[in-house]
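Visitor: Questions regarding the structure given below will be posed in turn.
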Amino acid sequence: MIRPAAAAEPMGARIGPYELLEEIAQGGMGIVYQARDVRSGRVMALKVMRTDLGGGAEEAAYRFRREVQAGALLRHPHIVPIFDSGVHEHRPYLVMEFVSGGRIDRQFARFLADPRQAVIAIEKVARALHSAHQQGILHRDLKPANVLLDDQGEPRLTDFGLARLPAMDMELTRVGEPLGTPAYMAPEQAAGCHERVGPPTEVWGLGVLLFELVTGIKPFFGENEVRMQQAIRTAEPLEPRAVRLQLDRALENIILKCLRKEPEQRYASAEALADDLHRWLGGKAARPRSPFSLSPASCLLLLPLIAGLLLWINLPRYAAEVSSGTADPVFRQLARGQKVELLPDGELPPWARFATGETSQLRYQPLGLEGFAPSLLELLPRMPTDSYRLTAEVSGHSIEMGEVGICFAHAQERTTAGVDDLFLALTQSLSPQSNRVALVAHRYRKDERRELHRREELLQWSPPASPVTDSWRKLSVEVSTEAIAAHCDGLRIGEVSRRQVVQTLHRLAALEPARQVPTDESLRGALGVYVRSGRGAFRSVTASSGN
Ligand code: 3AM
């Protein structure tokens, strides 16, 4: 569950004998800090229950207890050890080893580039899980946030707060109520059949993790939790090789075996999966292709893939860390005045990431983006020059008043109520009734309690051609130190001064009090594509310096 940011403890504060150094992350139940044990000087990770749980505090406290109990039973090099626990001002806390490399999906680009790395990591997680299973412990909440990487790049499983412990009664697992995180739940878990949950349920979770690491997308799609659970129970998974054509067939078979609907048809244990992954790494796993992967449903699913190579991709947020290092050659080309194709051969650059809209869906050939909330897929983190041009051909459709476009400036701002994304986009309306191009400033905040989307138009224009649903439209922005000019299908449709942009941003800021007032200086680069309430397709996305 995503909750709005909780009030953090002041840094330097003490919880038991631990001095808080830095907040690392906030989860649904607790806040994780880096902390120092004042007795030994050792740096640890400390998780303390949130203060704002209200009626949920009892269940959260129970999860802490469960995590500590599981921790006492578990000793494995790929499980994060728990060293200590206690209660601070009526809130339970636990102290574990500090694991410095962050969640496994932060290294997504590395695994995409080399599936063997993903297999090596998942084999280790599978062996760690198997050791837990042998103690009668089921993790029940496998997901990328619970697999961390240490400073050696080794995977470390954590968070047994939802675990089933040996001899545990069904206290908090009411029959029929699913437990876990929807996208990673096995069908029996999504259906709330707790008595069918066992090691093969975790094999499923490992299969989803591996699928995601080697393809960059999840095997099932649902735009909300209910649809996701429905898809998991009834739909066939995507085939990994439909997404990554070069992926080894034997590896695909291993993944699909993890994702069989019936637990009995999956690997019987996490160890059996680990062994098969190990054989694959040694080049020996060559299992026959599963007849399940060619079921009519998946063939149907493949048709559009074959026809147009339409690959729906759910790129995890922070898919690749924005690294100016990796984008360096592009910056050099731009600085030399060359025009750069931001989707060479229709492929995403490795540094692409969602600046906002991480739940949106992505496909490619041509690149497509689908989302209800505003989604901004950043294709270049910044421009090396103040004056530049961004151009793209866009198309799309929507059942509502959606829009599709290019985005050329983005900033994140912390407000008293949450984190807001501010961005500028040149958009084309997607509704069949309306045919408009507009230069728009957005302020967007996604948090679970309140979704905020404010939008102000700086320029509007009605193209003479038919709505974009039937054709491609070429949109282009020219940004200079003085003004922003917009073009559509080669026609200049207008210009706004940077002063106007700043005034508009101020108006948006005034509507939602921000800690800092935005300036045009606070809006930087972030060149990319944008969609809201619909599906957009993009091709020929280019950037160039100067005018
Ligand atoms: O989302 P990020 O990667 O910033 O790294 C973990 C992740 O942060 C951090 O909590 C977030 C959700 O899992 N975390 C959890 N346990 C940790 C530990 N033992 C930890 N970071 C370091 N050491």
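Visitor: State, to one decimal in nm, how far the label point of Arg507 lies from the label point of His453, with both points 7 Å from Cα in the Cβ direction.
Guide: Spacing of the two 7 Å Cα→Cβ label points: 2.0 nm.
Visitor: Over the range 185-245, one equal point on each Cα, no solvent: what is log10 I(q)/I(0) by the Debye formula at q = 0.22 Å⁻¹?
Guide: With one equal scatterer per Cα and no solvent, log10 I(q)/I(0) is -0.91.
Visitor: Pick out, from His90, Val43, Val68, the residue whose Cα sits farthest towards the positive end of the charge dipole of the range 1-96, with +1 on the Cβ of Lys and Arg and -1 on the Cβ of Asp and Glu.
Guide: So the residue furthest toward the plus end is Val68.
Visitor: Moving on to the next point. List every residue whose amide H lies under 5 Å from the amide H of Phe98, counting only residues 5 or more places away in sequence or on a different chain, with H placed 1.01 Å from N in the peptide plane.
Guide: Ala45
Visitor: Sticking with this one: State the Cα centre-to-centre distance between the range 472-499 and the range 192-233 in whole Å.
Guide: Spelled out, the Cα-based centre of one part sits 44 Å from the other.
Visitor: Which three semi-axes in whole Å describe the equivalent ellipsoid of the range 69-119, each the square root of 5 times a Cα gyration tensor eigenvalue, listed largest first?
Guide: Details: eigenvalues 196, 40, 11 Å².
Computed over the range 69-119, the values are 31, 14, 7 Å.
Visitor: Are there trypsin sites (Lys or Arg not before Pro) in the range 21-112 that DSSP marks as loop and that have at most 16 other Cβ atoms within 10 Å, and which are they? Intermediate results must be reported in sequence, preceding the final value.
Guide: Numbers: sites: Arg36, Arg39, Arg42, Lys47, Arg50, Arg63, Arg65, Arg66, Arg75, Arg103, Arg106, Arg110; in loops: Arg39, Arg42, Arg50, Arg75.
Filter output for the range 21-112: Arg39, Arg42, Arg75.
Visitor: Semi-axes of the equivalent ellipsoid of the range 36-192: what are they in whole Å, largest first, if each equals the square root of 5 times a C-alpha gyration tensor eigenvalue? Walk me through the numbers on the way to the answer.
Guide: On the way: eigenvalues 123, 99, 44 Å².
Its equivalent ellipsoid spans semi-axes of 25, 22, 15 Å.
Visitor: Of all GluC sites (Glu not before Pro) in the range 88-152, which ones are in loop regions per DSSP and have a Cβ with at most 13 other Cβ atoms within 10 Å?
Guide: Details: sites: Glu89, Glu97, Glu123; in loops: Glu89.
Passing both the DSSP loop test and the Cβ count: Glu89.
Visitor: Extending each Cα 7 Å along its Cβ direction at Ala373 and Glu264, get the distance between those two points in nm, one decimal.
Guide: 4.2
Visitor: Could you list which residues have their amide H under 5 Å from that of Asp420, counting only those 5 or more apart in sequence or on another chain, with H placed in the peptide plane?
Guide: Glu413, Arg414, Thr415
Visitor: Could you tell me which residue out of Leu21, Pro77, Gly56 lies farthest along the dipole of the range 4-91 toward its positive end? Charges go on the beta carbon: Lys and Arg +1, Asp and Glu -1, centred on the Cα centre.
Guide: Projecting each Cα onto the dipole axis, the largest value belongs to Pro77.
Visitor: Using 0.36 nm per residue, how much length does the chain from Asp386 to Glu225 gain when fully extended, once their Cα-Cα distance is taken away? Could the numbers behind the result be given before it?
Guide: Values: separation 161, 0.36 × 161 = 57.96 nm, distance 4.26 nm.
Computed gain between Asp386 and Glu225 is 53.7 nm.
Visitor: For the range 42-119, what's the relative contact order in percent, using C-alpha pairs closer than 8 Å and at least 6 residues apart?
Guide: Details: 69 pairs, mean separation 26.6, N = 78.
It rounds to 34 percent for the range 42-119.
Visitor: Applying 1/(1 + (r/R0)^6) with R0 = 45 Å to the Cβ-Cβ distance of Ala335 and Asp84, what FRET efficiency is obtained, to the nearest 0.05?
Guide: On the way: r = 52 Å, r/R0 = 1.16.
Taking R0 as 45 Å, the efficiency between Ala335 and Asp84 is 0.30.
Visitor: Please work out the FRET efficiency for the pair Asp345 and Leu73, using the Cβ-Cβ distance as r and a Förster radius of 51 Å; give the result to the nearest 0.05. Walk me through the numbers on the way to the answer.
Guide: Details: r = 51 Å, r/R0 = 0.99.
After rounding to 0.05, the efficiency reads 0.50.
Visitor: Calculate the FRET efficiency for Trp461 and Ala25 from the Cβ-Cβ distance with a Förster distance of 56 Å, rounded to the nearest 0.05. All intermediate terms of the calculation are to be shown ahead of the outcome.
Guide: Values: r = 44 Å, r/R0 = 0.79.
Given R0 = 56 Å and the Cβ-Cβ separation, E is 0.80.
Visitor: Starting from the 7 Å offset along Cα-to-Cβ, what nm value, one decimal, do you get for the label separation of Thr51 and Glu154?
Guide: 3.8
Visitor: Which of the lysines could a cross-linker span from Lys261 if the Cα-Cα distance has to be under 27 Å and same-chain partners fewer than 8 positions apart are dropped?
Guide: Excluding near neighbours in sequence, the set is Lys124, Lys143, Lys218, Lys284.
Each value in this text was obtained by applying a stated rule to the coordinates, not by laboratory testing. Predicted, not measured: the structure shown is a model, and the values here were computed from it. Positions of Cβ are generated from backbone atoms using ideal geometry, with glycine treated the same way; all protein chains shown enter the neighbour counts.
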